[in-house]
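In what follows, a single structure is set out as structure tokens and then discussed.
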Amino acid sequence: MQIKQILVPTDFSENAEDALIYATELAKRCSAKLHLLHTPVIPTYLLMDLSYSPGPEAVTRILNESQDALDQQAKGLAAAGVEYFTVIREGTVHEVIRDYAREHDVDLVVVGTHGRSGVSKLMYGSVTERVIKTVHTPIIVIPPEGGKMPSSIVVAYDFSAPAKRAAEVARAIHGPFPGPLHMVHSYLDVWGEYTDRGAVVGEAAEKRRQALHLGLEEMLKTESAELFSSDPKGIETHLVTGDPAEGLLRVAQDVGATLICAGTTGKSGIERLLIGSVARRLLHESKVPLLLTHDDG
């Protein structure tokens, strides 16, 4: 795949600006078009159990102010020489983003996060949790610290279809950027606890332990060579045991990763990944941008 259309939903916050800065540089490197999308909040007032929406003049004012803010943010895009579109769409935020991404064949969505609470404060707060659950387009989440360009990429790889999808997106992002790409597989060391159970049991367990490691190492290298056949020399593989998130974050820190990639599966898409401890830790603890993909994205 190629990254040709990038969508940046914005609420004009500092975090959204960080996402836009990241996406702008990515669009330049990938020769991609950038879509800057804002969904205005049209307030509804409650009085005596009845709801009242603002009149036409108030709505027009809100839309005009939104367009002015979009135009202001877009100045950086024009200066960077990136082809862009500014769009205002009313509606429910996560549905607007999902529908727009589908309609315009968006390849990548870039969003920012707020503060320490990570995913619970993504861009529009809990609304963006629904964005992550709903939008099956690959999403890059920019942490509060901002993000550097993906010169060193780590891919969490468990040989599943979603993992392959994450690797494919990583390959497309990696193309314009020099630097290594690291494939990381975390596995359960099932024989480790038996290596000290006496000479006979321990020796047999150690042989099986080594065989498992060597087998996984060969599988990972084979898959990596197939996925990145155009540049196999730039790919490094890593096997880690123990807690998957901890192992992945440790490798990412050791290699100086500037992007971590992970996939998810199931009918509920990234919603399943979000409720898992691995994803929760990645979203809360990663200091670098995190790419999340869905197997049918």
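Values quoted throughout were computed directly from the atomic coordinates according to the rules given, and no laboratory measurement underlies them. All values derive from a computational prediction rather than experimental measurement. Glycine also receives a Cβ, built like all others from the backbone with ideal geometry; neighbour counts cover every protein chain displayed.
For a 19 Å ceiling on Cα separation, which of these pairs sit above it: LYS33/LYS287; LYS33/LYS75; LYS28/LYS148; LYS4/LYS133?
Exceeds cut-off: LYS33/LYS287; LYS4/LYS133.
Return the FRET efficiency for the residue pair LYS287, GLU90: r is the Cβ-Cβ distance, R0 is 35 Å, and the value is rounded to the nearest 0.05.
0.50
Most exposed first by the Cβ proxy, i.e. fewest other Cβ within 10 Å, how do VAL93, VAL41, VAL255 rank?
Ordered from fewest to most neighbouring Cβ atoms within 10 Å, VAL93, VAL41, VAL255 come out as VAL41, VAL255, VAL93.
What order do you get for ASP158, ASP11 when you list them from fewest to most C-beta neighbours inside 10 Å?
Taking fewest neighbouring Cβ atoms as first place, the list is ASP158, ASP11.
Rounded to the nearest 20 Debye, what is the dipole magnitude of segment 1-41 about its Cα centre when Lys and Arg each give +1 and Asp and Glu each give -1 at the C-beta?
I would put it at about 380 debye.
When a footprinting reagent is the concern and you count Cβ atoms within 10 Å, what order do PHE159, PHE228 take, fewest first?
The most exposed by this proxy come first: PHE159, PHE228.
7 Å from Cα along Cα→Cβ at both GLU206 and ASP71: what's the point-to-point distance in nm?
Those two pseudo-labels are separated by 7.4 nm.
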